[in-house]
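The values are calculated or read from the model by the stated rules, or taken from the named source; none is laboratory data. Values in this document were obtained by computation on a predicted structure and should not be read as measured data. We place every Cβ from the backbone using ideal geometry, glycine too, and count neighbours over all the protein chains shown.
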Amino acid sequence: MTADPQRWLWAVGALALWLALIAVIVWRERKARAAAHARSDALAGAGEGRPVLIAFASQTGFAEELAWMTARSLGDGGVGARVLSFADLDVQTLKSTDRALLIVSTTGEGDPPDSAARFVRKVMGEATDLSKLRFGLLALGDRSYDQFCGFGHAVDGWLRRAGAEPLFDMVEVDNGEAGAIRHWQHQLNQITGSVTAPDWTPPAYDPWRLVERTLVNPGSPGGEAYHLAFEAVGATPDWSAGDIAEVGLPERDGVTPGSREYSIASLPSDGRVEFLIRLMRHPDGAPGLASGWLTQDLALGDQVGMRLRANRSFHGPADETPMILIGNGTGIAGLRAHLKSRTASGGAWLLFGERTQAHDAFFDAELQAWLASGVLRRLDRSFSRDAGDGRYVQDLVAAAADELRAWGSRGAAIYVCGSLEGMSQGVHAALESALGADVVLTLLEDGRYRRDVY
Ligand SMILES: Cc1cc2nc3c(=O)[nH]c(=O)nc-3n(C[C@H](O)[C@H](O)[C@H](O)COP(=O)(O)O)c2cc1C
């Protein structure tokens, strides 16, 4: 114990500052939730009788988008709806609801979205009687993964075991397939008694023009990575750091191959949407469909169809909250948008891994400028192919355990962007060793550990 009054004053001051910071974070979070609740309440009052509960578990925003479209369709058919994220869903709400529509995606290797982590542990971990509940389930997934709609199946099985009665069989959506979504709309019509098919065509693509393309890693032992910039042909829309762009692929042999999603690396204030895209190659060396088209075939001045999608689960925290950004390869794109939107207030720490310092230190000049301005408090990079280094980003996480704990105790939020295999799993394990598995789970459940991995 110290008797020095000045030290005491410093300690009390630091504690007061910390408490104020936490209060601001909680207040901001509440404000955002209150806005969503207000939107939901307006829809809940749309019809007669008890509103249908619509709950979504979304990692990259698609399930959330479909949840609001579902609510609007019900509202148009005279049925009120209440929209909730799985993050806000509890067993009491389910018990007191007679009809629920659940829209859930699967991430990782058959895993639930991060925002559903608490629901999985607290609600699905316990036996419950939901025999008064009737439900419909829309499961989003992608058949190229081993566990297609893994979380959808887990929720379906759990609800049935709890005695809930399905209104119709689970609708599975493979990679946004329009036919399956139309089938879901058809089921909604059964609920509202409506015969007209609601217009659910996703928002049209807007035209954007390629204005810049630079190979950023000539000579790299890794695949070529390109920095691309597109300007809107019409008005530039608004978006936030963490959001995603869907780029429509051109028709080939009469077939439209759908779209590809890329993390946006810029902000509206840049006046353009920027990406960092790796040219993928097939084993025979042929370029990948989307990355080959965007990085090789498309010429400057050419137009593409693109729509921007809110990816709320990767939006940034309040500016006062320190951010720990972790990523590898082209995953720096989404992290760069966050760095661009930061001020020196909360500051950021970037841990980044690539192959070689000489060729793959992406956005180095910008990072140095952010270090100088104080936005970036600390920069740790590893280069796995460099002699004398050989580390991956997860090794940086492991080596910085003490400092991570210190940032954690100041309320920092952790954002991970990059490859799922290897990187995000390795980083997750390294975070668990550094902070403890319980702490990592709590961070995940509190939205202070967010991931955008692919
Ligand atoms: C990193 C990642 C992992 C995924 N893992 C799976 C999976 O294991 N099984 C599956 O069916 N779909 C998987 N998907 C596909 C998503 O479920 C699908 O894209 C869904 O439409 C996303 O919806 P959301 O934006 O609401 O999260 C994965 C997608 C990503 C980006």
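The residues of the range 109-129 that are touching a helix residue (DSSP H, G or I) at 6+ places or on another chain (Cβ under 6 Å) and away from the ligand (no atom under 13 Å from the Cβ), listed by number, are Ala117, Arg118, Phe119, Val123, Met124, Thr128. Looking at Gly223, Gly163, just one residue is on the phi > 0 side of the Ramachandran plot and either assigned to a loop (DSSP other than H, G, I, E, B) or within 23 Å of the chain's Cα centre (by Cα) (or both), and that residue is Gly163. Hey, could you check the range 190-206 for residues that are surrounded by 15 or more Cβ atoms within 10 Å (Cβ to Cβ) and modelled with pLDDT under 85 and say which is nearest to the ligand (Cβ to nearest atom)? Checking each candidate, the answer is Pro202. Only one entry of Thr60, Thr106 meets the criterion of being at pLDDT 95 or above, within 15 Å of the ligand (Cβ to nearest atom) and more than 20 Å from Ala162 (Cα to Cα), and that entry is Thr106.
Here Gly157 passes the criteria (1) in contact with a Ser or Thr (Cβ under 6 Å, 6 or more places away or on another chain); (2) farther than 21 Å from Glu64 by Cβ; (3) not acidic (Asp, Glu) except the one numbered (1). Here are Leu101, Leu133, Leu89: which of them is modelled with pLDDT of 95 or more and away from the ligand (no atom under 16 Å from the Cβ)? Only one candidate passes the filter, namely Leu133.
Does Thr343 fit the bill of being surrounded by fewer than 16 Cβ atoms within 10 Å (Cβ to Cβ) and either under 24 Å from the mean Cα position of the chain (by Cα) or farther than 25 Å from Pro268 by Cα (or both)? Criteria met by Thr343.
Which of the residues belonging to the range 309-323 are more than 16 Å from the ligand (Cβ to nearest atom), surrounded by 19 or more Cβ atoms within 10 Å (Cβ to Cβ) and not hydrophobic (A, V, I, L, M, F, W, C)? Result: Gly316, Pro317, Thr321, Pro322.
Counting the residues of the range 292-322 that are closer than 24 Å to Ser105 by Cβ and more than 21 Å from the chain's Cα centre (by Cα) gives 1. Say whether the condition of being under 30 Å from Ala23 (Cβ atoms) and either more than 16 Å from the ligand (Cβ to nearest atom) or β-branched (Val, Ile, Thr) (or both) is met by at least one residue in the range 269-277. Looking for residues that are under 30 Å from Ala23 (Cβ atoms) and either more than 16 Å from the ligand (Cβ to nearest atom) or β-branched (Val, Ile, Thr) (or both), one finds at least one in the range 269-277, hence yes. Among the residues examined, Ser433 does not qualify as of a type in the set (S, T, N, Q) and under 21 Å from the mean Cα position of the chain (by Cα). The set of residues in the range 291-308 that are under 20 Å from Ile244 (Cα atoms) and surrounded by fewer than 18 Cβ atoms within 10 Å (Cβ to Cβ) comprises Gly292, Gln303, Gly305, Arg307.
Rundown of residues vs (1) touching a residue at least 12 places away in the same chain (Cβ under 8 Å); (2) more than 17 Å from Ala333 (Cβ to Cβ); (3) not in a loop (DSSP other than H, G, I, E, B), yes/no style:
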residue: Gly179; (1), (2), (3): no, yes, yes
residue: Leu188; (1), (2), (3): yes, yes, yes
residue: Arg213; (1), (2), (3): yes, no, yes
residue: Phe230; (1), (2), (3): yes, no, yes
residue: Ser240; (1), (2), (3): yes, no, no
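Screening Val155 against (1) out of contact with any helix residue (DSSP H, G or I) (no Cβ under 8 Å at 6 or more places or on another chain); (2) of a type in the set (A, V, I, L, M, F, W, C); (3) within 11 Å of the ligand (Cβ to nearest atom) leaves a single unmet condition, (3). For the range 391-403, the count of residues that are within 16 Å of the ligand (Cβ to nearest atom) and either out of contact with any helix residue (DSSP H, G or I) (no Cβ under 7 Å at 6 or more places or on another chain) or not charged (D, E, K, R) (or both) is zero.
A single member of Arg213, Arg209, Arg161, Arg182 is away from the ligand (no atom under 13 Å from the Cβ) and modelled with pLDDT under 90, and it is Arg182.
The number of residues in the range 127-160 being touching a residue at least 12 places away in the same chain (Cβ under 8 Å), surrounded by fewer than 13 Cβ atoms within 10 Å (Cβ to Cβ) and not hydroxyl-bearing (Ser, Thr, Tyr) comes to 4. Within the range 131-144, the presence of at least one residue that is of a type in the set (A, V, I, L, M, F, W, C) and either more than 11 Å from Ser105 (Cα to Cα) or assigned by TED's automatic domain parsing to the domain that holds Pro257 (or both) is confirmed.
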